[in-house]
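Enquirer: The structure under discussion is supplied below as structure tokens; questions concerning it will follow.
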Amino acid sequence: FAEPPQFAGQADEYRNAAATLNLTLSDRDYHLELFSRASANAEQAWSADLRQATWNLRSDASDWQVGVLSQTWGVLEAWNPVDVINVRDLAEDFQGKAKLGQPGAMVSLNLDDTVLSLYALTYARGQRLGEGRDRLRSLPAAVREEAFEDGRWAPGFAARAAFKLGSDLELALSHYRGHAREPLLQPLVDARGLRGFRATYAQIEQTALQAQYVVGDSVLKSEVIHQRGTGERFWGGGVGAETTFSRVGASTADLTLYSEFYYDARSADAPVTPFQRDLFFGARLSLNDPQDSVLELRASHDLQWSSHLFELRASRRVFASTVFSAALLAPSQARRDPALNGYGNDTYLKLGLAWYF
């Protein structure tokens, strides 16, 4: 980290080291994914989560899963407004790519060019946020209380129909009813000042449409949601496009350029989420060499708060089963942005070595 931390109590070491273990066991009848992390500089020196643990029953016409589910919906690159089955683990990845396992059951029916999926969910989980000694913290104090409108064990339900229309167009229509995935945060104040936050998860209903259309070497994408709950109704979503240029400079490399625009009409009193009024741009260079070398530059710009987030990523396989990665992340003008202001001092360079066995 290039700067001292913003909040009191955060680890102020220049370097932070961590080790992670991802264990995946899979067969036709089961799938298990276990994640764990050890870091002396984190609020929790050791943490773990059961990301997926399902018993599966599969046939050509159907797929049944019971246990702890892991589902990913959406087609956009930076953020997926339609993705509501699993709660995001923001302590592990503040950009929302890591998710917590969700207890429940699912059945998918394969109907020619249509896949119909039904979900029954139980035991609502709260977001995991950075706190205490953690860097990349969004809040000045920890979440002390969690409240779920109908209780943690209130069932949730979802249905999704995915359509493949020819070779170029894919659509998916979904509906979800259950607890919100982003909490409304209320400060808890006593005589000594701010002692933490209360996270309230309201019951919501969300109807969503995602679409992806291939035009030559380009892909047009869109996600649209209509959400009801938390005392209001609003529309939101994003649109994007990406184009791939093959054999750049007569080499074997591919260059992909992409851009996205996000907007939603929720009120200022609604839970804060990223990408409410944002532009996102990126470029990814894949060398297609024996080492699978990839270089990627990403940038987002908030149209309301004029904040920015820049990120440079690189990865390369250095041995047969070892991958080296590097990421440089730099927030800019983040102080006024409610979704980004906690990361204003968190410019960092991250180096990683992953061994697959």
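Enquirer: At each listed q (0.24, 0.27 Å⁻¹), what is the log10 of I(q)/I(0) that the Debye formula gives for segment 49-123 modelled as equal alpha-carbon point scatterers?
Expert: -1.14, -1.24
Enquirer: Additional query: For the residue pair W355 and S26, what label-to-label distance in nm results when each label sits 7 Å from Cα along the Cα-to-beta-carbon direction?
Expert: 2.3 nm
Enquirer: Using a cut-off of 15 Å between beta-carbons, work out the net charge of the residues near V215 (Lys and Arg +1, Asp and Glu -1, V215 not included).
Expert: Details: positive: K221; negative: D168, E170, D217, E242.
Charge balance in the 15 Å sphere: -3.
Enquirer: Further question on the same structure: How many angstrom lie between the Cα centre of segment 61-101 and the Cα centre of segment 166-195?
Expert: Rounded to whole Å, the Cα centres lie 12 Å apart.
Enquirer: How are the Cα pair distances of segment 307-357 distributed, in percent, across 10 Å bins from 0?
Expert: 25, 35, 23, 15, 2
Enquirer: Could I ask something else about it? Among rounded, prolate and oblate, which fits segment 161-229 when a ≥ b ≥ c are the square roots of the eigenvalues of its C-alpha gyration tensor, a/c under 1.5 means rounded, and a/b larger than b/c means prolate?
Expert: prolate
Enquirer: Let me ask something else about it. Just to be sure I understand the model, the point goes 7 Å from the Cα along the line to the Cβ. What's the resulting E145 to L303 distance in nm?
Expert: For the pair E145/L303, the computed spacing is 3.8 nm.
Enquirer: I would also like to ask the following. Please compute, for the alpha-carbon atoms of segment 1-83, the extent along each of the three principal axes and give them in descending order in Å.
Expert: Answer, in whole Å and largest first: 56, 28, 17 Å.
Enquirer: I would also like to ask the following. Among F319, L329, S300, which residue has its Cα furthest toward the positive end of the charge dipole of segment 257-332, with +1 on Lys/Arg Cβ and -1 on Asp/Glu Cβ?
Expert: My answer, from the dipole projection, is F319.
Enquirer: For W235 and L171, compute 0.36 nm times the residue count separating them, minus their Cα-Cα distance, and round to one decimal in nm.
Expert: Working: separation 64, 0.36 × 64 = 23.04 nm, distance 1.85 nm.
So the chain would gain 21.2 nm between W235 and L171.
Enquirer: Hey, another quick one. Give me the percent of the accessible area of segment 1-85 that comes from carbon and sulfur atoms, probe 1.4 Å, all protein chains in place. Please list the in-between numbers first.
Expert: On the way: 2590 of 4810 Å².
Answer for segment 1-85: carbon and sulfur cover 54 percent of the accessible area.
Enquirer: Using a 1.4 Å probe, what is the accessible area per residue for the chain, in Å²?
Expert: Values: 18540 Å² over 357 residues.
That works out to 52 Å² per residue.
Enquirer: Starting from the 7 Å offset along Cα-to-Cβ, what nm value, one decimal, do you get for the label separation of D112 and V318?
Expert: 5.3 nm
Enquirer: A further question follows. Let me know the shape class of segment 111-251, please: from the alpha-carbon gyration tensor, a ≥ b ≥ c as square roots of the eigenvalues, rounded when a/c is under 1.5, otherwise prolate if a/b is greater than b/c, or oblate. Write down the numbers at each step before the final one.
Expert: Values: a/c = 2.98, a/b = 1.63, b/c = 1.83.
Taking the square roots of the gyration eigenvalues as a ≥ b ≥ c, segment 111-251 is oblate.
Enquirer: Additional query: Out of every Cα-Cα pair in segment 136-192, what percent are more than 20 Å apart? Provide the component values of the computation, followed by the final result.
Expert: Numbers: 897 of 1596 pairs.
Summing the P(r) tail past 20 Å for segment 136-192 gives 56 percent.
Enquirer: In sequence order, what are the phi-derived ³J(HN,Hα) couplings for segment 66-71 according to the Karplus relation 6.51 cos²θ - 1.76 cosθ + 1.60 with θ = phi - 60°, rounded to whole Hz, with x for glycine and proline?
Expert: Calculated HN-Hα couplings, in order: 9, x, 10, 8, 9, 10 Hz.
Enquirer: Continuing with this model, one more query. From the list (i) 0.98; (ii) 0.95; (iii) 1.03, can you say which value of Rg/Rh (Cα atoms, Kirkwood Rh) was derived from the structure given?
Expert: Checking each listed value against the structure points to (ii).
Enquirer: Using a Förster distance of 25 Å, how high is the FRET efficiency between S36 and E13, based on the Cβ-Cβ distance and rounded to 0.05?
Expert: Numbers: r = 22 Å, r/R0 = 0.87.
According to the calculation, E is roughly 0.70.
The values are calculated or read from the model by the stated rules, or taken from the named source; none is laboratory data. These figures come from a predicted structure and were not determined experimentally. As a convention, Cβ positions derive from the backbone with ideal geometry for all residues, glycine included, and neighbour counts pool all protein chains shown. The area values use the complete protein model at the heavy-atom level, side chains included, leaving out ligands, DNA and RNA. Shrake-Rupley method; radii C 1.70, N 1.55, O 1.52, S 1.80 Å.
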